[in-house]
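The values are calculated or read from the model by the stated rules, or taken from the named source; none is laboratory data. Just so it is clear, the model here is predicted, and its values are computed rather than measured. We place every Cβ from the backbone using ideal geometry, glycine too, and count neighbours over all the protein chains shown.
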Amino acid sequence: MKKIVNDPADVVADALRGLAAAHPGLLRVTEDPAVVARADAPVRGKVAVVSGGGSGHEPLHTGFVGPGMLDAACPGAVFTSPTPDQVQAAVSQVDGGAGILLVVKNYTGDVLNFETAAELLAADGVDVRTVVIDDDVAVQDSLYTAGRRGVGGTVPLEKIVGAAAEAGADLDTCERLAGTVIANTRSMGMALTAPTVPHVGEPSFTLAGDEMEVGIGIHGEPGRRRAALADANGIVTALLDPILSDLPFTEGDRVLLFTNSMGGTPLLELYLAHGIAERRLAERGIAVERRLVGPFITSLEMQGMSLTMLRLDDELLRWWDAPVHTPALRWGL
Amino acid sequence: MPCDAAAVAAAIRAAAAVITTHRDELVRLDQAIGDADHGENLERGFGFVVSSLDGEVPDNPGAVLKLVATTLISKVGGAAGPLYGTAFLRAATALGDAPVLTPESVAAALRAAVGGVVARGKAEVGDKTMVDALTPAADAAEQTAAVAGELAEVLRAAADAAEAGAESTVPLIARKGRASYLGERSVGHLDPGARSSALLLRSFADSAAGA
Ligand SMILES: Nc1ncnc2c1ncn2[C@@H]1O[C@H](COP(=O)(O)OP(=O)(O)O)[C@@H](O)[C@H]1O
Ligand SMILES: [Mg+2]
């Protein structure tokens, strides 16, 4: 393993110190339990939006803390969900008295830990609601799985509810808006290489030079299937077709198209893929009205990409365009 | 020797050492069908458990298990943290404040532990999870306790059944947890949580036999 680390056991704590140093005035980072909160929290009278998940997906979630997005994020160990005491600590730092919205990605560990935290918070009289995002079309939601994973759709979800909360929307409104985003978002990802988890020291899986994994998640877990390596056209088709047919997205839809790098894919390739996806959607009469291109929900250094589509309406568009000031997303401010 | 709080605390320390020995094995099992963190999660969690026990040994077995539970819940994260945490919490509640363990109370605690895992995780036998190891272990413990076996025999029967139960996960398709995302590709792999459950029960049985 070659990585810029000291002791692999300290990777998350060490990185959080660097994050704090890089964004003074914007973030307040506390250790033990680890919490990243916006520096001006709590904001009185505002719904607080709190998320969290395993580390290794940066900038998700810590890079999305700040005005117009998350009030706090709880970073777990690499690829491991945070603990209930982290969530409780985060909430106690950012509770502005208007309620708490917990944004959770649908994985067994994340759901169980946030559920435990929500029970403990409710017992303390905090008005807390939980929304669970499950946008990955690679997994069928059936009795035979833990349900669909939460992946790329988490980024627009956090942006949109964060904007509404910043503008003073109440907890019911934020919760309903989250439901709308989740219902209209679909994603799919693929990998060319596996990530190496620092405490493991070797790649999570091995792929031959002429293979790719299709339908991967963001934790270095193998995908739904291993396939022969395709060119960019083939890769975009393999991701876009299942997304389009799932919702389904149809002619006349207005969408946000989010082309995401899994960490190791350079922007040159990502823009190339994004261009293909835009052309495909134009051919189908789907109007791409907003786009996001870059590494925003990653799996350490994994090479690969994911596509996320969100069907927009005027309300979602307005909140997407609203000002945001975080380490990873900043506009209008 | 009666199995009191000190003996239970010693058994927990021994189990923590077993987890450390098997950390890499559990990581590799989770690497195949999950995200390669199960051994790391448990080692971190039991490390904190040992630190808690260094600070205080509660005065009855139930209280020791409650300390284990709250430590695992607050320190581990992932699926295994809340699931094992709930298991130890339910076992602690079943034991109440009795000063020593008996064959019957251990069997009842194990049954309560499985009930906790199922209540939290909603898995059934055959879903390729730790439930596949824990359920037959609770059955075997009850059967052995009913025929007046000793504590060590009850735990040995539980450990034997858990090991067989863990092995039985190899041909299964996972239906719960991260491994379920793999569908058919999860076949042919031992479930890491079932393996860690068998390791913990074997360690408890060894401690009881040596006590
Ligand atoms: N719903 C569930 N019910 C019971 N056990 C489960 C469930 N989901 C996962 N598990 C167990 O948890 C183990 C994985 O634990 P771990 O790797 O620590 O957590 P994570 O899956 O969050 O990475 C699995 O091997 C399985 O035995
Ligand atoms: Mg795991």
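At-a-glance table
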item	result
Selected residue (only one of A:L70, A:L60, A:L101 is modelled with pLDDT of 95 or more, more than 16 Å from ligand 1 (Cβ to nearest atom), over 14 Å from A:A37 (Cα atoms) and within 18 Å of the chain's Cα centre (by Cα))	A:L101
Where a residue in the stretch A:73-91 is facing chain B (nearest Cβ under 7 Å) and closer than 15 Å to A:T130 by Cβ and its partner, wherever it lies, is more than 12 Å from ligand 1 (Cβ to nearest atom) and not in a helix (DSSP H, G or I), with Cβ under 7 Å and at least six apart	A:P82/A:G52; A:P82/A:C74; A:P82/A:P75
Selection status of A:P203, closer than 20 Å to A:S55 by Cα and within 11 Å of chain B (Cβ to nearest Cβ)	yes
Check on A:E158, touching a helix residue (DSSP H, G or I) at 6+ places or on another chain (Cβ under 7 Å) and of a type in the set (D, E, K, R)	yes
Residue match in the stretch B:144-159 (condition: modelled with pLDDT of 95 or more, assigned to a helix (DSSP H, G or I) and of a type in the set (K, R))	yes
Neighbours by Cβ (under 7 Å, 6+ apart or cross-chain): first from the stretch B:108-123, within 11 Å of B:F88 (Cα to Cα); second surrounded by fewer than 18 Cβ atoms within 10 Å (Cβ to Cβ)	B:A112/B:T93
Subset of the stretch B:160-191 (residues that are crowded, with 21+ Cβ neighbours inside 10 Å, within 11 Å of chain A (Cβ to nearest Cβ), part of a helix (DSSP H, G or I) and of a type in the set (G, A, S))	B:A179, B:S180, B:S186
Residues of the stretch B:1-60 classified as of a type in the set (G, A, S) and touching a helix residue (DSSP H, G or I) at 6+ places or on another chain (Cβ under 6 Å), total	11
Unique residue being of a type in the set (G, A, S) and at positive phi when the list is B:G77, B:G39, B:G47, B:G85	B:G77
Residue list for the stretch A:208-232, filter: part of a loop (DSSP other than H, G, I, E, B), of a type in the set (D, E) and either facing chain B (nearest Cβ under 8 Å) or in contact (Cβ under 8 Å) with a residue 24 or more places away in the chain (or both)	A:E221
Residue, surrounded by the most Cβ atoms within 10 Å (Cβ to Cβ), within the stretch B:12-46, restricted to residues that are more than 18 Å from B:L89 (Cα to Cα) and more than 16 Å from ligand 2 (Cβ to nearest atom)	B:V18
Residue in the stretch B:139-156 that is away from ligand 2 (no atom under 16 Å from the Cβ), among the aliphatic types (A, V, I, L, M), more than 14 Å from chain A (Cβ to nearest Cβ) and in contact with a Cys (Cβ under 8 Å, 6 or more places away or on another chain) present	yes
Filter result (at pLDDT below 95, part of a helix (DSSP H, G or I) and away from chain A (no Cβ under 14 Å)) within the stretch B:55-97	B:G55
Identity of the residue in the stretch A:49-60, within 14 Å of chain B (Cβ to nearest Cβ) and part of a loop (DSSP other than H, G, I, E, B), that ends up nearest to ligand 2 (Cβ to nearest atom)	A:G56
